[in-house]
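Input: a single structure, listed below in C-alpha cells.
The values are calculated or read from the model by the stated rules, or taken from the named source; none is laboratory data. Keep in mind the model is a prediction, meaning the values are calculated, not measured. Quick reminder, even Gly has a Cβ in these numbers, built from the backbone with ideal geometry, and neighbours come from all protein chains shown.
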Amino acid sequence: MQLPEPHPDALAASSQLRQLIAAEIAQHSGWIPFSRFMELALYAPTFGYYSGGAQKLGRDGDFTTAPEITPLFGAALARVAADLIAQTAPQIMEFGAGSGKLAFDILSELGAMGVHVEQYTILDLSGELRARQEHLLRDFPQVVWQQQMPHAYSGLVIGNEVLDAMPVELVVKTATGWQQRGVGIDVGDNGFCWIDRPCGMEATALVAQIPQADALPIGYLTEVHPAAQGFMYSLADMLQAGHRLHGQGSAAIFIDYGFPAAEFYLDQRTQGTLMCHYRHHAHPEPFYLPGLQDITAHVDFTAMAQAALDGGLELLGYASQAGFLMAAGIGELLLRTSPDDAMRYLPQANAVQKLISPAEMGELFKVLIVGRDIDLAPALLRNDRSHRL
Ligand SMILES: C[S@@+](CC[C@H](N)C(=O)[O-])C[C@H]1O[C@@H](n2cnc3c(N)ncnc32)[C@H](O)[C@@H]1O
C-alpha cells in the first residue's frame, strides 16, 4: 500500500502495541477473536489508536465526521434535542464525544435558543480525547465526564459515529459451516495472520441473527456486532432504571453509517464492511500499523433496534441522515447566513451538501432513535423508515 510514512515515534509506538497484541495471542495458545484484536488496536492503554496521541479527527487526522465538517450539524441536533428534553429531563449524555465539537455546537445552539441544560455528561473510552474535550468545553460548566454508564438515567442520549467504533466479530461461511475468523501470529512476517475456527456457541448465536444465512455463498465474510448489541442492552437497562426511579421517559439518538440487516447481509457484499482509515486513505487491512489507524465496520441497525426493543425501549424513528437533518431544519439554519454573503455562505452550503447529498453522507448515514414515553415531532416522522429495519 502507498500510504504516507508515519513519524518514527509513531512507528515505535505501533511496534510496542504489536508486541503487546502478540503477547496476548501467545498467552491464548496462538489465537484471539478478531473483536479482541480490534479492541486492543483501538483502545489498549497508551498505545491503542483512541488511547494514544494521534490527531485522529479532522483535516490533519485520519478521517472526518459530521461535527468536524460544520457546526450546523450540531445546531440541527440541538433543535431536536430541545423538543426531546422538554419531554424528559434537561440532561444530555453523549457517548464518544471525539474532539468535543458536537457538544460545543449543541450547547451553543441551545444556549442561543434559551434552552437550559442542567447537565451534559460525556462518556468516552479515550482519555486522550477527553483532554481535548475538557479544553474545548472549558466555558460550559454543565459538562461533566463519567467513566461508566450510570445505573439509571433520564434525558437525551446521543452518539455520533460511536457504534461503528465498537469491536466486531468476523465470521466466514465455509463448505462445512460458519467459522469465526480470529488473529494469530505470522512468524515469518513478524505480523499477524488470519486463522479461522469453527464457531463456538456465542458466534453461532450471532450468525443465527443473519437473515437467510443459509442462502449466502461459500466464502462469504462478514461482521456481527456483539459489543454494539451489548452496548444497546446496557443503554436500555439504564434508561429503564431511570424511568423506574424518576418516572421520566428518555430518548437516544445514534447516527452512523450502516444498513438494516436485510441490506447489510446482501449476497453481493461478500467481504463485509470492515474498513481502516489512515490520513484520509481508506483501506481494508486491519493489521497495518496497529494503533496508528482507525478500524471500523458499518452498523447493523436492525440488530441495534432489536437490542433496544429487547431491553424494553420503543423504536421511535429511523431515517437517513439527509431526511433527519432536513426535518430538523438544517436548511433554515443554513439560511441564517445570507446567500448574498458568498464568502461565508458558500463554504457552509458545501458542508451541508456533504451531509445531505445521497452521493456523500446523506444516504449511507442513518439516524436511529429509541426511547420511551416520547412523541417525535411530526416533521421527523414524515421521513421515517422504521419499516425497513
Ligand atoms: C469515530 S469517533 C467519533 C467521535 C465523535 N462522536 C465525532 O463524531 O466526531 C468514535 C468515538 O467513540 C468512542 N467510543 C467507542 N466506544 C465507546 C464506548 N463504548 N463508550 C464511549 N465511547 C466510546 C471513541 O473513544 C471515540 O471518541
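Listed by position, the strands (runs of 3 or more DSSP E) inside region 260-345 whose residues that are crowded, with 21+ Cβ neighbours inside 10 Å number at least 2 are 275-278, 294-296, 314-320.
Take the residues of region 146-166 that are of a type in the set (A, V, I, L, M, F, W, C) and over 18 Å from residue 43 (Cα atoms): which is farthest from the ligand (Cβ to nearest atom)?
152
Of 30, 58, 111, all but one fail to be within 14 Å of the ligand (Cβ to nearest atom) and either of a type outside the set (A, V, I, L, M, F, W, C) or in contact with a Ser or Thr (Cβ under 9 Å, 6 or more places away or on another chain) (or both); the exception is 58.
Of 11, 17, all but one fail to be farther than 21 Å from residue 123 by Cα, in contact with a Ser or Thr (Cβ under 9 Å, 6 or more places away or on another chain) and in contact (Cβ under 8 Å) with a residue 12 or more places away in the chain; the exception is 17. Taken together, the residues in region 341-372 that are touching a Gly at 6+ places or on another chain (Cβ under 6 Å) and among the acidic types (Asp, Glu) amount to 0. Filtering 34, 63, 47 for residues that are in contact with a His (Cβ under 7 Å, 6 or more places away or on another chain) and surrounded by 15 or more Cβ atoms within 10 Å (Cβ to Cβ) leaves a single hit, 63. Just one of the listed residues (133, 87, 119) is modelled with pLDDT of 95 or more and within 10 Å of the ligand (Cβ to nearest atom), and it is 133. In region 346-369, which residues are exposed (fewer than 12 other Cβ atoms within 10 Å of the Cβ) and touching a strand residue (DSSP E or B) at 6+ places or on another chain (Cβ under 6 Å)? Selection gives nothing.
Pick out the one residue from 239, 274, 235 that is within 13 Å of the ligand (Cβ to nearest atom), of a type in the set (A, V, I, L, M) and over 20 Å from residue 177 (Cα atoms).
235
What do you reckon, is residue 168 over 21 Å from the mean Cα position of the chain (by Cα), closer than 30 Å to residue 31 by Cβ, buried (at least 20 other Cβ atoms within 10 Å of the Cβ) and not hydroxyl-bearing (Ser, Thr, Tyr)? No. Residue-level check: of (1) among the hydrophobic types (A, V, I, L, M, F, W, C); (2) farther than 27 Å from residue 351 by Cα; (3) more than 12 Å from the ligand (Cβ to nearest atom), residue 38 misses just (3).
Within region 74-104, how many residues turn out to be assigned to a helix (DSSP H, G or I) and surrounded by fewer than 20 Cβ atoms within 10 Å (Cβ to Cβ)?
4
The residue list 188, 247, 200 contains one member that is loosely packed, with under 14 Cβ neighbours inside 10 Å and closer than 30 Å to residue 122 by Cβ, which is 247.
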